[in-house]
Amino acid sequence: MHKKHSSARLAFSLAIALATAAIDREASAQADLFLSAGAWVPVLPEYKAGTISDGGSSTDLFSDDQTDVGAQLTLGGFYHFAPTRTLFESDLQIAGIGSMGSSGTFTDNDPTASYGFVTLDGRGRMATVGGESLTMDVDSDVFHLHKYVGLRDRFSLDWIGLGDITIGCGFSWMLFDQDFQTDARFGDGRRGQSIEDLDTNYLGGEFRGTLRQSIFGQICYFDARYGIYEMDAEYFGTSTLHFNGGGLAAQGDLSTGLKQTTTTAELAMRTDICIGGWLVRPMIGVKYFDDMAQINHPLEFLGGPTTLTTDSAYVFNGSIEFCF
């Protein structure tokens, strides 16, 4: 798989998070730190490959839903500026899935239709002939970073029968780095391949609120977040077609991008549990992305190059939070 992860970018984010976690050791009574780990389940825009042509129109042959179970790790904390109600907040989330694979085999039994594979620039195409099969294999992975730095104020809602609430906002940056490798194998030995990298950055601000409430004697936390971002997607791909003897028939490279303003929304719930003297918080949550970049491959020979469009996406989380 083609990799384009920025180790420098990751190291910089980790340095900021660790520096925040280490803030003023002498006043540690005013700092709340946490480390959470658990499952990360993204439901990302579909990845489509291959074409079906019936002489009049072309449609996508194969689609992968880009949904799987991965892992996530979050490091963060709060620092209370006593005696004020203001808190400084910072956290870093790292998540990903190493491999999401899927495949399908299609046989051309319709004399008026054919299955094909088009290069990313739209200038090369191979298609099935009379009953020939076409096997599509897609392997993909996704890597995610989220860095947040902001301020909150704490208020008491006891006067209306609720607990404490903290509300604030801050700077937020997210990255989704997706890599795809698609292999198309024709029944007569011909083959096509594409290797693609899609980086989607979100830069903007996030509003956060947490309600701390006792329910039947159990402390619960209800988190709500709303983000406004400038989405910047960058795409690079290379594709090849080979004859059944292995010779190169066509090659197409392409790079493109997409920018637009978008929003996110997130809801989560946590609760306090003491295990062996340690305070831990089980958490479940879901995050909605109004727009996430999606690859749109050409469906016809000379029908134009690969472009980027957007679709909505979701990320489900389930983790255990360890408090220090």
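Laboratory data are not the source of any read-out in this text; all were calculated from the coordinates shown. Everything quoted here is computed from the prediction, not taken from an experiment. Here Cβ is always computed from backbone atoms with ideal geometry, including for glycine, and neighbour counts include all displayed protein chains.
Could you work out the relative contact order of the stretch 196-324? I mean the mean sequence separation of Cα pairs under 8 Å and 6+ apart, divided by the number of residues, in percent.
Normalised by residue count, the contact order of the stretch 196-324 is 21 percent.
Once you have a ≥ b ≥ c as the square roots of the Cα gyration tensor eigenvalues for the stretch 202-277, tell me rounded if a/c is under 1.5, and otherwise prolate or oblate according to whether a/b is larger than b/c.
In terms of gyration-tensor shape, oblate.
Treating only the Cβ atoms of Lys and Arg (+1) and Asp and Glu (-1) as charged, compute the dipole magnitude of the chain about its Cα centre; round to the nearest 20 debye.
So the dipole magnitude of the chain works out to roughly 800 debye.
What is the extension gain from residue 46 to residue 309, computed as 0.36 nm multiplied by their sequence separation minus the C-alpha to C-alpha distance, in nm to one decimal?
93.5 nm
Of 156, 30, 227, which is farthest on the positive side of the dipole of the chain, counting Cα position, with +1 on Lys and Arg Cβ, -1 on Asp and Glu Cβ, and the Cα centre as origin?
Projecting each Cα onto the dipole axis, the largest value belongs to 30.
Tell me the label-point distance for the pair residue 35, residue 261, using the 7 Å Cα-to-Cβ offset, in nm and rounded to one decimal.
4.0
Hey, for a label at residue 244 modelled as a point 7 Å past Cα toward Cβ, could you say which residues of the stretch 168-189 have their backbone N under 13 Å away?
Answer for this model: 186-189.
With a Förster radius of 25 Å, plug the Cβ-Cβ distance of residue 63 and residue 251 into 1/(1 + (r/R0)^6) and report the FRET value to the nearest 0.05.
Efficiency, from the Cβ-Cβ distance: 0.50.
Would you report the distance distribution of C-alpha pairs in the stretch 179-224 as whole percents per 10 angstrom bin, up to the bin with the largest distance?
Reading the bins upward from 0: 17, 19, 15, 16, 15, 13, 5.
Along the charge dipole of the chain, Cβ charges K/R +1 and D/E -1, which of 97, 254, 239 sits furthest on the positive end?
Positive-most Cα among the choices belongs to 97.
Would you kindly calculate the translational diffusion coefficient of the stretch 7-323, applying Stokes-Einstein with the Kirkwood radius from alpha carbon pairs, for 4 °C and a viscosity of 1.567 mPa s, and quote it in µm² s⁻¹ without decimals?
Result for D is 59 µm²/s.
Going by alpha carbons, how many degrees (0 to 90, nearest 10) lie between the helix axis of 7-21 and the longest principal axis of the chain?
Helix 7-21 sits roughly 10 degrees off the main axis of the chain.
Can you give the extra length, in nm with one decimal, that the chain gains between residue 133 and residue 296 once fully stretched, where that is 0.36 nm per residue apart less the Cα-Cα distance?
Once the chain is fully extended between residue 133 and residue 296, it gains 56.3 nm.
In whole Hz, what ³J(HN,Hα) sequence does the stretch 249-265 give by Karplus (6.51, -1.76, 1.60; θ = phi - 60°), x for Gly and Pro?
9, 6, 9, x, 10, 8, 9, 7, x, 8, 10, 6, 8, 8, 9, 9, 9
Would you work out the relative contact order for the stretch 7-323, in percent, from Cα pairs under 8 angstrom that are 6 or more residues apart?
17
So how much slack lies between residue 273 and residue 214, counting 0.36 nm per residue of separation and subtracting their Cα-Cα distance, in nm?
Length gained, residue 273 through residue 214: 19.9 nm.
Give the distance, in whole Å, between the Cα centre of the stretch 157-190 and the Cα centre of the stretch 59-77.
9
Using alpha-carbon pairs under 8 Å, 6+ residues apart, how would you state the relative contact order of the stretch 40-183 in percent?
22
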